[in-house]
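Written out below as structure tokens is the structure these notes cover.
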Amino acid sequence: MGEPKKNRIGLEITPYRGGKTTLCAGCGHNAISERIIDAFFEMGVHPRDVIKLSGIGCSSKTPAYFLAEAHGFNSVHGRMPSVGTGALLANRKMIAIGVSGDGDTGAIGIGQFVHMMRRNVPMVYIIEDNGCYGLTKGQFSPTADVGSTQKNGQPNDLPPIDTCMLAVQLGASFVARSFSGDKKQLLAILKAAIAHRGTAMIDVLSPCVTFNDHEGSTKSYAYVKEHDEPGGEVNFVPFFEDISVEYDPGTTTAVTMHDGSKLFLKKLEEGYDPTDKIGALKRLHETARRGEFATGLIYIEPDRDDFITQLNLVDEPLASLPLSRVRPGPEALEEIMEGLR
Ligand SMILES: Cc1ncc(C[n+]2csc(CCOP(=O)(O)OP(=O)(O)O)c2C)c(N)n1
Ligand code: SF4
Ligand SMILES: [Mg+2]
């Protein structure tokens, strides 16, 4: 047996794993946890430099199953964005990954979600999207499609919220959709999301095998496989690797990220440009109208200032500043009061 593989910071994959999953066998969420483990390992990010956050739901249980040594915050239902924002403001050096569900984000947490997107808080925000509330036994969630049925045959008659459309519209600077069953695409997107500086929102279609995998459901494995419309191959080359991707500038869009990493997007559709906001919204609308899921990188704006930059925070994490630097003395207060007189 050969030596176990090590990454660029000399770690084996073991510290990137977490506890044993307690989710149903075959749940899409388990496959996403596996890809998160691979992505952080391959990017060579130390687990202790990571904050992993979640709300409530089967999806929100998953941070327990990856990066055992990372800092973990399992928050209240739908409240992960504000906890994440606070954690990042306290320590801007951390790399944050939040896992939410379509219920956690689209229902109770929608208000928090929209403000996180418009602030461009620097974190990877994953929605494990199964179109239902898995943990509470499969009720329709706000991402359920019109006409999709529950196990008992009852159809959903409310229009869905498309979280990718919302995120693009509100200002998220990296928006992607993927499928838990598409290992290659999801891994490339996750690695690019980790390299991105700003909100990287990834809606991952992730079938619930127990409550929403029957005929009639538009979030079943069979339906998603059949209606997945990848917008072209996503190839991510991190800054520490030599670029060996052969690409034809005529058919491939290359995006350089902040840390020098490169994203190559092979175009399938004539003229699709992931840096064009209107084009991204058009693609989402058109595929949805055909009953299909546009997957791949939908939109990227690598240069938009993230929330930390907008706030002009000092480089040193606020959490490690001494009290003398975070608490103005009586003279400062006196000066403010003077200015108000
Ligand atoms: C304040 C509050 N309201 C309601 C609940 C009940 N509840 C728990 S999980 C959940 C929905 C989970 O759905 P989703 O986020 O899609 O996660 P999934 O289980 O499908 O992965 C609900 C409504 C709760 N825990 N807390
Ligand atoms: S109930 Fe559904 S979402 Fe929850 S663990 Fe089981 S398959 Fe996954
Ligand atoms: Mg769900």
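Sorted from largest down, give the three principal axis spans of the alpha carbons of the chain, whole angstrom values.
Largest first, the chain extends 70, 47, 47 Å along its Cα principal axes.
Roughly how many debye, to the nearest 20, is the charge dipole of the stretch 216-265 about its Cα centre, given +1 on each Lys and Arg Cβ, -1 on each Asp and Glu Cβ, and no other charges?
Working: 3 positive and 9 negative charges, 52 e Å.
About 240 debye.
Under the definition of Cα pairs under 8 Å and six or more residues apart, what whole-number percent is the relative contact order of the chain? Intermediate values should be presented prior to the final figure.
Values: 700 pairs, mean separation 54.2, N = 341.
It rounds to 16 percent for the chain.
What size of dipole, in debye to the nearest 20, comes out for the chain about its Cα centre when the only charges are +1 on Lys and Arg C-beta atoms and -1 on Asp and Glu C-beta atoms? Intermediate values should be presented prior to the final figure.
Values: 35 positive and 43 negative charges, 160 e Å.
Approximately 760 debye in magnitude.
Along the stretch 102-112, what does the Karplus equation 6.51 cos²θ - 1.76 cosθ + 1.60 (θ = phi - 60°) give for ³J(HN,Hα), rounded to whole Hz, x for Gly and Pro?
Listing the rounded values in order: 5, x, 4, 7, x, 9, 4, x, 4, x, 5 Hz.
Per residue of the stretch 178-193, what does 6.51 cos²θ - 1.76 cosθ + 1.60 with θ = phi - 60° give for ³J(HN,Hα)? Whole Hz please, x for Gly and Pro, Karplus curve as stated.
Values, residue by residue: 9, 9, 4, x, 9, 4, 5, 5, 5, 5, 4, 5, 5, 5, 5, 5 Hz.
If you place +1 on the Cβ of every Lys and Arg, -1 on the Cβ of every Asp and Glu, and leave all else neutral, what size is the dipole of the stretch 159-308 about its Cα centre, to the nearest 20 Debye? Can you show the working numbers first?
Values: 16 positive and 24 negative charges, 49 e Å.
For the stretch 159-308, the charge dipole is close to 240 debye.
What order, most packed first, do the peptides 169-178, 208-217 have when packing is the mean number of other Cβ atoms within 10 Å of each residue? Numbers along the way, then the final one.
Values: 169-178: 25.1, 208-217: 19.9.
Result, highest mean first: 169-178, 208-217.
Please work out the Cα center distance from the stretch 139-157 to the stretch 59-86, rounded to the nearest Å.
Centre-to-centre (Cα) distance: 28 Å.
Taking the alpha-carbon set of the stretch 1-118, what are its Rg and Dmax in Å?
Cα-based Rg and Dmax for the stretch 1-118 come out at 14.9, 52 Å.
Search the structure for amide H atoms under 5 Å from the amide H of R17, placed 1.01 Å from N in the peptide plane, and list their residues when 5 or more places away or on another chain.
Counting only residues 5 or more places away or on other chains, the set is L67, A68.
Using 7 Å Cα-to-Cβ label points, what is the E69/R341 separation (nm, one decimal)?
Simple spin-label model gives 5.7 nm for this pair.
Can you classify the stretch 143-207 as rounded, prolate or oblate using the Cα gyration tensor, where a ≥ b ≥ c are the square roots of its eigenvalues, rounded means a/c under 1.5, and otherwise it's prolate if a/b beats b/c and oblate if not?
oblate
So in the chain, what percent of DSSP beta bridges are antiparallel if you round to the nearest 5? Don't skip to the answer; put the middle values down first.
Values: 17 of 46 bridges.
Antiparallel bridges make up about 35 percent of those DSSP assigns within the chain.
To the nearest 0.05, how large is the calculated FRET efficiency for K184 and Q139 if R₀ is 25 Å and r is the Cβ-Cβ distance?
Values: r = 33 Å, r/R0 = 1.31.
Efficiency, rounded to the nearest 0.05: 0.15.
How big is the antiparallel share of DSSP beta bridges in the stretch 212-341, given as a percent to the nearest 5? Show your work: numbers first, answer last.
Numbers: 9 of 12 bridges.
In the stretch 212-341, approximately 75 percent of DSSP beta bridges are antiparallel ones.
Can you work out the accessible area per residue across the stretch 213-301, with the rest of the protein chains kept in place, probe 1.4 Å, in square angstrom? Mind dumping the intermediate values first?
Details: 4810 Å² over 89 residues.
For the stretch 213-301, the solvent-accessible area averages 54 Å² per residue.
Could you list the GluC sites (Glu not before Pro) in the stretch 1-52 that lie in coil according to DSSP, counting only those with at most 15 other Cβ atoms within 10 Å of their Cβ?
Values: sites: E12, E34, E42; in loops: E12.
Passing both the DSSP loop test and the Cβ count: E12.
Testing the spin-label approximation: label points 7 Å from Cα along Cα→Cβ at E3 and K225. State their distance in nm.
4.0
If I take R0 = 30 Å and measure r between the Cβ atoms of D49 and K277 in this structure, what FRET efficiency does the formula 1/(1 + (r/R0)^6) give, to the nearest 0.05?
Details: r = 32 Å, r/R0 = 1.05.
With a Förster radius of 30 Å, E is 0.40.
Roughly how far apart, in whole Å, are the Cα centres of the stretch 285-340 and the stretch 211-265?
Each part reduced to its Cα centre gives a spacing of 28 Å.
Taking loop as defined by DSSP and a crowding limit of 11 other beta carbons within 10 Å, which trypsin sites (Lys or Arg not before Pro) in the stretch 239-336 fit? Could you put the intermediate results ahead of the total?
Numbers: sites: K262, K266, K267, K277, K282, R283, R289, R290, R304, R325; in loops: K267, R290, R304.
When the trypsin sites (Lys or Arg not before Pro) of the stretch 239-336 are filtered for loop state and at most 11 Cβ neighbours within 10 Å, R290 remain.
Within 10 Å, count the other beta carbons around each residue, average over each peptide in 116-123, 189-196, 330-337, and list them highest first. Could the numbers behind the result be given before it?
Details: 116-123: 22.9, 189-196: 25.0, 330-337: 9.4.
Ranked by mean Cβ neighbours within 10 Å, highest first: 189-196, 116-123, 330-337.
So what are the ³J(HN,Hα) numbers for the stretch 318-328, from phi and the Karplus equation (6.51, -1.76, 1.60; θ = phi - 60°), rounded to whole Hz, Gly and Pro as x?
4, 4, 9, 6, x, 4, 4, 9, 9, 10, x
Report the one residue of V255, C24, S244 whose Cα lies farthest in the direction of the positive end of the charge dipole of the chain (charges on C-beta: Lys and Arg +1, Asp and Glu -1; origin at the Cα centre).
The residue sitting farthest along the positive end of the dipole is C24.
Taking the dipole about the Cα centre of the stretch 54-155, with the C-beta of Lys and Arg at +1 and of Asp and Glu at -1, give me whichever of L89, Y65, G109 is farthest to the positive side.
The residue sitting most towards the positive pole is L89.
Ignoring ligands, DNA and RNA, please state the percent of accessible area on the chain from carbon and sulfur, probe 1.4 Å. Mind showing how you got there, number by number?
Details: 8720 of 16160 Å².
Carbon and sulfur: 54 percent of the exposed surface of the chain.
The values are calculated or read from the model by the stated rules, or taken from the named source; none is laboratory data. Small disclaimer: the values here were computed from a predicted structure and weren't measured. In this analysis, Cβ positions are derived from the backbone assuming ideal geometry, glycine residues included, and neighbour counts consider all displayed protein chains. Accessible surface areas use protein heavy atoms only, side chains included; no ligands, DNA or RNA. Shrake-Rupley method; radii C 1.70, N 1.55, O 1.52, S 1.80 Å.
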